[in-house]
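Report on the following structure.
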Amino acid sequence: MSRTYAVVAVTAVVLATVLVGGFGLRISRTTSDFYVASRTVGPRFNAAAISGEYLSAASFLGVAGLVLVHGPDMLWYPVGYTAGYLVLLVLIAAPLRRSGAYTLPDFAEGRLESRQVRGLVGILVTGAGWLYLVPQLQGAGLTLEILTGAPGWLGPVIVAAVVLLSVAAGGMRSITFVQAFQYWLKLTALLVPALFLILAWQGDGRPRVPSAGPQLAVAAGFDRAGHPLYATYGLIVATFLGTMGLPHVVVRFYTSPDGRTARRTTVVVLALLGAFYLLPPVYGALGRLYTSELSLGGDADAAVLLLPGRVIGGTGGALLGALVAGGAFAAFLSTASGLTMAVAGVLTQGARGVRHFRLATLLAMGIPLAVALLVSGLPVADAVGMAFAVSASSFCPLLVLGIWWRRLTPPGAVAGLLLGGGSALIAVAVTLSGGVRPGWAHTLLAWPAVWSVPVGFLAMILVSLATPGRIPPGTSAAMARFHLPEALAAARGGGR
């Protein structure tokens, strides 16, 4: 019975996604509609869409799984995921929108007047996007396999097919409607079962949640036992500074009408994310009570899916479990849509036609789909955290210095991207390969942001200071465009 409910719930989410995306397709007419929804998305609607695509498999399943295995220390994940928007709000939201760019490579070329920097940023955006996409697809496979008994490859294939249909058909205009709808679906899918789970826990005599023990530590995703403090700092740095450079997050700020609206959008995002992130720790804590055996088999991410049936049982538990399954699938679809949109936009740089964009979506989704089918067993929150580390080490220095420091030069940007982002990407690849044994070497590679972010900043600053003659001639105009309100910037440009 529960399998039937789960299949119905997932099918309903898929159909709703296609229908809502179809509505966006009806009003998507121009190239600007496909890339940035013609820059007409208001703050509340845009905030719901940003929250919808940002709340990925790591948020919906992974945070609870990490709390189950490692305990309260993992609450830094939701704190970092949310606090990253404070940094984004203060430093880059409005200037980034005023840049007038479609993508991060567009911003890099417009600020530094260098095709070389643009190409390098494009490579890193694509790598970070694919790294983020893989756990979304694997999470879909895990969800269907556990709840319906379907083979592990079916979930990734379904997500890939639906995302390709939504993104290729209607572009940004289409997925904006989809992601806003899916935020509220995900919030409801966690909130309603959580209320019933808490009532069941109270009726059970409020048993005490066990602390971390040897049994729960066996299935640690990436080894934290040796150097937990360093791992925590690596997590904090990556999530606080990586949010601003995530390609699917950045591209949504280009859809705001102006810089002021971009800031207002970020404030609403903070409220929406704060409300959502109150819920996964509840599932993680209750998972320690009722599904602690999941940590032994490396299936801790499944706690959110199994708790309603385990704690409540019967038809009620099956219905609540189906609601959670639908919300989980919405998480995979919304985040995968945003990432595919961002990567496809980068892959079509220099060819802004809608036809080129649609062809690029096939490549943007095809590579991570192949990886997801070949590689398995990574905790989704850990894998996503590594994408944050790459973003923090490359795009954070580029955006912060590019917006606030007029002496940044193309050679400086290239050095910072290669040394900061490149070293983080290599560290991620080595960790994913499993070729490093637990110890300091493993810890430094699994959580590279502590050292790779300073490397990125220092390389950009030192090389830029050493090449003062390479400051782009249009720097003053770009800085004025970033920091002056749109009307004043236009008047200043017209006066020239």
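The values are calculated or read from the model by the stated rules, or taken from the named source; none is laboratory data. All of these numbers come straight from a predicted model, not from anything done at the bench. Cβ coordinates were reconstructed from backbone atoms using ideal geometry, including for glycine residues, and neighbour counts include every protein chain displayed. What goes into the accessible areas is simple: the full protein's heavy atoms, side chains included, and nothing from ligands, DNA or RNA. Shrake-Rupley method; radii C 1.70, N 1.55, O 1.52, S 1.80 Å.
Restricting 392, 387 to those that are of a type outside the set (Phe, Trp, Tyr), under 24 Å from residue 478 (Cβ atoms), under 22 Å from the mean Cα position of the chain (by Cα) and open to solvent by less than 10 Å² (accessible area, probe 1.4 Å) reduces the list to 392.
Restricting attention to region 278-298, the residues that are crowded, with 20+ Cβ neighbours inside 10 Å and not in a helix (DSSP H, G or I) total 2. Only one of (1) under 16 Å from residue 238 (Cβ atoms); (2) hydroxyl-bearing (Ser, Thr, Tyr); (3) at pLDDT 90 or above is not met by residue 431, so which one is it? All conditions pass for residue 431, except number (3).
Within region 189-203, one or more residues are within 19 Å of the chain's Cα centre (by Cα) and at pLDDT 90 or above.
Scanning region 171-185 for residues that are closer than 23 Å to residue 249 by Cβ, open to solvent by 10 Å² or more (accessible area, probe 1.4 Å) and of a type in the set (D, E, K, R) turns up at least one hit. Taking the conditions (1) of a type outside the set (S, T, N, Q); (2) more than 24 Å from residue 127 (Cα to Cα); (3) surrounded by 14 or more Cβ atoms within 10 Å (Cβ to Cβ); (4) at pLDDT below 75 in turn, residue 225 satisfies each one other than (3). Within region 147-168, which residues are on the phi > 0 side of the Ramachandran plot and open to solvent by less than 30 Å² (accessible area, probe 1.4 Å)? Those that are on the phi > 0 side of the Ramachandran plot and open to solvent by less than 30 Å² (accessible area, probe 1.4 Å): none in region 147-168.
Of all the residues in region 395-420, those that are closer than 18 Å to residue 119 by Cα and either open to solvent by 10 Å² or more (accessible area, probe 1.4 Å) or in a helix (DSSP H, G or I) (or both) number 17. Residues that are open to solvent by 10 Å² or more (accessible area, probe 1.4 Å), among the small types (Gly, Ala, Ser) and outside any loop (DSSP other than H, G, I, E, B): does region 125-146 have at least one? Yes, region 125-146 contains at least one residue that is open to solvent by 10 Å² or more (accessible area, probe 1.4 Å), among the small types (Gly, Ala, Ser) and outside any loop (DSSP other than H, G, I, E, B).
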